[in-house]
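Take this structure first; my questions come after.
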Amino acid sequence: MLEELSERFLRAIDYYGLVEMEYKLDPRDSQYKLLDVNARTWGYHALGAAAGVDFSYLLYCDQVGLPVSVVTGLWV
């Protein structure tokens, strides 16, 4: 659900690249609200490794024209 909302938003603003999007569930209407869109690479990109996603390598592959597949992290 959030993945679809995020992709729709990013397409609408014609964004391409790494991004962190933060949502919060609003208990008043049980809807997720977008709080933040952060395109800077800082500590959050390293969190993917714990979930089995190497964002830095995927970005490298994308930038040099190597194939990049869809990867879903594992939540532990």
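The values are calculated or read from the model by the stated rules, or taken from the named source; none is laboratory data. Being a predicted model, the structure only gives us computed values, none of them experimental. Here the Cβ is made from the backbone with ideal geometry for all residues, glycine too, and neighbour counts use every protein chain on show. Side chains included, ligands, DNA and RNA excluded: accessible areas come from the protein's heavy atoms. Shrake-Rupley method; radii C 1.70, N 1.55, O 1.52, S 1.80 Å.
Residue check, Trp75 against (1) open to solvent by 80 Å² or more (accessible area, probe 1.4 Å); (2) at pLDDT 85 or above; (3) assigned to a loop (DSSP other than H, G, I, E, B), all met but one. Which one?
The failed condition is (2).
Would you say Leu35 is without any contact (Cβ under 8 Å) to a residue 24 or more places away in the chain, more than 21 Å from Val68 (Cβ to Cβ) and not acidic (Asp, Glu)?
Working: without any contact (Cβ under 8 Å) to a residue 24 or more places away in the chain: yes; more than 21 Å from Val68 (Cβ to Cβ): yes; not acidic (Asp, Glu): yes.
Criteria met by Leu35.
Can Leu47 be described as within 18 Å of Thr72 (Cβ to Cβ), modelled with pLDDT of 95 or more and either touching a Leu at 6+ places or on another chain (Cβ under 7 Å) or not in a loop (DSSP other than H, G, I, E, B) (or both)?
Details: within 18 Å of Thr72 (Cβ to Cβ): yes; modelled with pLDDT of 95 or more: no; either touching a Leu at 6+ places or on another chain (Cβ under 7 Å) or not in a loop (DSSP other than H, G, I, E, B) (or both): yes.
No; evaluated as a whole, the condition is false for this residue.
Being within 19 Å of Glu3 (Cβ to Cβ), open to solvent by 60 Å² or more (accessible area, probe 1.4 Å) and either among the acidic types (Asp, Glu) or in a helix (DSSP H, G or I) (or both) is the filter here, so list the residues in region 58-72 that pass it. Working first, answer last.
Filtering region 58-72 for residues within 19 Å of Glu3 (Cβ to Cβ) gives 58-59, 62, 68-72.
Those still in the list that are open to solvent by 60 Å² or more (accessible area, probe 1.4 Å) too: 59, 68-72.
Residue satisfying the conditions is Leu59 alone.
Could you tell me which residue of region 12-35 is nearest to Phe55 (Cα to Cα), considering only residues that are open to solvent by less than 60 Å² (accessible area, probe 1.4 Å) and part of a strand (DSSP E or B)?
Among those that are open to solvent by less than 60 Å² (accessible area, probe 1.4 Å) and part of a strand (DSSP E or B), it is Glu20.
Something else now. May I ask you to say which residue of Phe9, Phe55 is among the aromatic types (Phe, Trp, Tyr), in contact with a helix residue (DSSP H, G or I) (Cβ under 8 Å, 6 or more places away or on another chain) and open to solvent by 70 Å² or more (accessible area, probe 1.4 Å)?
Values: Phe9 fails: in contact with a helix residue (DSSP H, G or I) (Cβ under 8 Å, 6 or more places away or on another chain).
Step by step, each of Phe9, Phe55 is checked, and only Phe55 is among the aromatic types (Phe, Trp, Tyr), in contact with a helix residue (DSSP H, G or I) (Cβ under 8 Å, 6 or more places away or on another chain) and open to solvent by 70 Å² or more (accessible area, probe 1.4 Å).
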